[in-house]
Amino acid sequence: MKYQLYLFQEGTNMTIGEIRRLLDAEIYCGEDMQDTEVLYGCACDMMSDILALVEHQAVMLTGLVNPQVVRTAEMLDISCVVLVRGKVPTEAMIELAKERDLPLLSTKHRMFGACGILTEAGLLDEEIN
């Protein structure tokens, strides 16, 4: 199965709290970091694509539920991870995110819908060459 990578460029900066509200997301850790600004966004289930293309201070939307997501987010200075499709993080993933001070959220929206909501709220598409 092939997954598409979606990137959003700097348009309207959002806080993690605003992203949480827009996506009606549950927060698993990092509740005290909801005022943190997010400059970009990305959505992908292939961490290799995230590593190759993502900017710092981004929100990462993914359907993957494993500690590797948190490790990838840490390497790239990702501000927040949002699990899509109602995925629930494992205890190991939550603990690792807490250790790394990484907010971890989950939304019932599918990836495409969540991207659309964030785009409509002010984050713009970035053309991928």
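Descriptive notes on the structure:
- Within region 62-99, the residues that satisfy the criterion of being among the small types (Gly, Ala, Ser) and surrounded by 15 or more Cβ atoms within 10 Å (Cβ to Cβ) are GLY63, ALA73, SER79, ALA97.
- Residue check for ARG110: under 12 Å from the mean Cα position of the chain (by Cα), modelled with pLDDT of 95 or more and among the basic types (Lys, Arg): no
- Restricting attention to region 34-53, the residues that are of a type in the set (Ser, Thr, Tyr) and modelled with pLDDT under 85 total 2.
- Enumerated helices (runs of 4 or more DSSP H) restricted to region 59-129, each holding at least 2 residues that are among the small types (Gly, Ala, Ser) and closer than 15 Å to ILE27 by Cα: none
- Positions within region 34-58 being surrounded by fewer than 22 Cβ atoms within 10 Å (Cβ to Cβ) and in a helix (DSSP H, G or I), in sequence order: MET47, SER48, ASP49, LEU51, ALA52, LEU53
- Scanning region 63-106 for residues that are under 15 Å from GLY41 (Cα atoms) and free of Cβ contacts under 8 Å to residues at least 24 places away in the same chain turns up just one, ASP77.
- Residue within region 17-33 that is at pLDDT below 95, outside any helix (DSSP H, G or I), more than 11 Å from the chain's Cα centre (by Cα) and buried (at least 17 other Cβ atoms within 10 Å of the Cβ) present: no
- Pairs, first among the acidic types (Asp, Glu) in region 12-41, second part of a helix (DSSP H, G or I), C-beta under 9 Å, six or more apart: GLU26/ARG20; ASP35/ILE16; ASP35/GLY17; GLU37/ILE16
The values are calculated or read from the model by the stated rules, or taken from the named source; none is laboratory data. This structure is a prediction, so every number in the text was calculated from the model and none was measured. Cβ sites come from the backbone with ideal geometry, for glycine too, and all protein chains shown count toward neighbours.
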